[in-house]
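Q: Could you have a look at this structure, given as structure tokens, before my questions?
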Amino acid sequence: MAASEGAIDFLSHLEQLRNQRPNLVDNDEQYKLAHLVVMECIFGMRTSIPCDADMDKVIKELLESDGVERQMRYIDEVEWQDRAMENNSEEMNTPVCDEKNRFPDIVPVNNRVYLTCHPPSDQKSSYINAVQVDGFRSPGRFLVTQLPLPNTVKDFWRLVCERETRVIIMIGTVDPSDKTICQFWPSQNSKISPVDFIHITCIARTSSEKSEQIKMKIHDSSRKIEFNVNMLVFNEWKNQNAVPANVEDLLSFLLAAENLSRNMQNVIVTCYDGVNASGLYIALSFLIEKMKLEHECDVCQAVRNIRHIRRQFISKQEQYEFLLKACLSYIKGFELYSNFT
């Protein structure tokens, strides 16, 4: 109807549907969503790239023209659509604690993560600078947070225990000259107790030139649980840089991390500010899974998917271009485009 007549009558169509099935589109949110979907279908920019023999050519044209700039501008223009379904009536139960944020302008708003108060009388103890972000076809898979400050190490490990996280992805390095960063995990064969009921022991550590894996055993006496956690560290990314130096290095690290965390929820992704490297990582994870399952590469969709949680994710053109290059590099790793696993 919209294509042939240049107009669409939602109310009339809804009445016809409801006459056949009374329970269809029976609330405001569904009615609003129907409008947004139709708007996207009619007016939305076509940004999906098939993973076929022409993918190299299409991405090259995007990178050499103003294509990336136009797609990023489009994301800004449709931001209101992506936020239209948010529950604006939801109130934050805990105020933002400035002393627990590395940067005052990077605070959790949408999909905010809360901790159990400890002690129960301290309402501020439920605050952590962390948000929950969807993976591809995996709602709420990632918990994204800043690298712990010296005064938030205890909160970080409480998050690990409360969510029973099995894999931590750390991107970046601990700079001794930066007093806001500290080593928050135990050294080889040593133990730390960030709070009186959480005890963490490092039981194994393996290193390569660009990454390392730290295996820890955690005992939480308050919940009477004990479990192992693997922390994968990608150290080939300076904390202040928008992207790492090499596409293949991050891609290899991500594929190894995804293999270790396959089918897991509550995977913690942490970087210096909880935005720059973490956003790029989860966007690339989204893209890899989409290409595996649908044989389509859509950087615009991936960025929109995470930006409605934290607006600062993928805010630089350099990062957007990096994602396109990483997707192409991933596809080129297969001899046959149709042979995804």
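Q: Restricting to the range 165-183, name every residue that is part of a loop (DSSP other than H, G, I, E, B) and over 16 Å from Asn101 (Cα atoms).
A: Matches in the range 165-183: Thr165, Arg166, Gly172, Thr173, Val174, Asp175, Pro176, Ser177, Gln183.
Q: Answer yes or no: is there a residue in the range 197-215 that is over 27 Å from Asn111 (Cα atoms) and among the acidic types (Asp, Glu).
A: For the range 197-215, residues over 27 Å from Asn111 (Cα atoms) and among the acidic types (Asp, Glu): present.
Q: Sticking with this structure for a sec: Considering only residues that are free of Cβ contacts under 8 Å to residues at least 40 places away in the same chain, among the acidic types (Asp, Glu) and more than 22 Å from Phe184 (Cα to Cα), which ones fall in the range 232-290?
A: Scanning the range 232-290 gives Asp249, Glu258.
Q: Give me the residue from the range 117-138 that is part of a loop (DSSP other than H, G, I, E, B) and within 19 Å of Leu254 (Cβ to Cβ) and, out of that set, modelled with the highest pLDDT.
A: So, considering only residues that are part of a loop (DSSP other than H, G, I, E, B) and within 19 Å of Leu254 (Cβ to Cβ), the one modelled with the highest pLDDT is Phe136.
Q: Sort out which residues of the range 186-210 are in contact with a Cys (Cβ under 7 Å, 6 or more places away or on another chain) and either within 19 Å of Glu162 (Cβ to Cβ) or of a type outside the set (Gly, Ala, Ser) (or both), and write them in order of number. Write out each step before concluding.
A: Our first condition is that a residue be in contact with a Cys (Cβ under 7 Å, 6 or more places away or on another chain); within the range 186-210, this holds for 186-190, 198.
Scanning the range 186-210 gives Pro186, Gln188, Asn189, Ile198.
Q: Looking at the range 27-66 only, could you name the residues that are modelled with pLDDT of 95 or more and assigned to a helix (DSSP H, G or I)?
A: Met55, Asp56, Lys57, Val58, Ile59, Lys60, Glu61, Leu62, Leu63, Glu64
Yes or no, residue by residue, for (1) modelled with pLDDT of 95 or more; (2) among the aliphatic types (A, V, I, L, M); (3) assigned to a strand (DSSP E or B); (4) in contact with a strand residue (DSSP E or B) (Cβ under 8 Å, 6 or more places away or on another chain):
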residue	(1), (2), (3), (4)
Met264	yes, yes, no, yes
Asp273	yes, no, no, yes
Tyr281	yes, no, no, yes
Phe286	yes, no, no, yes
Lys290	yes, no, no, yes
Ile306	yes, yes, no, yes
Gln312	yes, no, no, no
Ser329	yes, no, no, no
Phe340	no, no, no, no
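Q: Filter the range 139-164 for residues that are under 16 Å from Pro108 (Cβ atoms), among the β-branched types (Val, Ile, Thr) and not in a loop (DSSP other than H, G, I, E, B) and give the result. Give the steps one after another, and end with the answer.
A: Applying the first criterion (under 16 Å from Pro108 (Cβ atoms)) to the range 139-164 yields 140, 142-149, 152, 155-156, 158-159, 162-163.
Add one more test, that the residue is among the β-branched types (Val, Ile, Thr), and what stays is 144-145, 152.
Once the filter is applied, which keeps residues that are under 16 Å from Pro108 (Cβ atoms), among the β-branched types (Val, Ile, Thr) and not in a loop (DSSP other than H, G, I, E, B), the range 139-164 yields Val144, Thr145.
The values are calculated or read from the model by the stated rules, or taken from the named source; none is laboratory data. The structure presented is a predicted model; accordingly, all values stated were derived computationally and were not measured. Ideal geometry is used to build each Cβ from the backbone, glycine not excepted, and the neighbour counts take in all protein chains shown.
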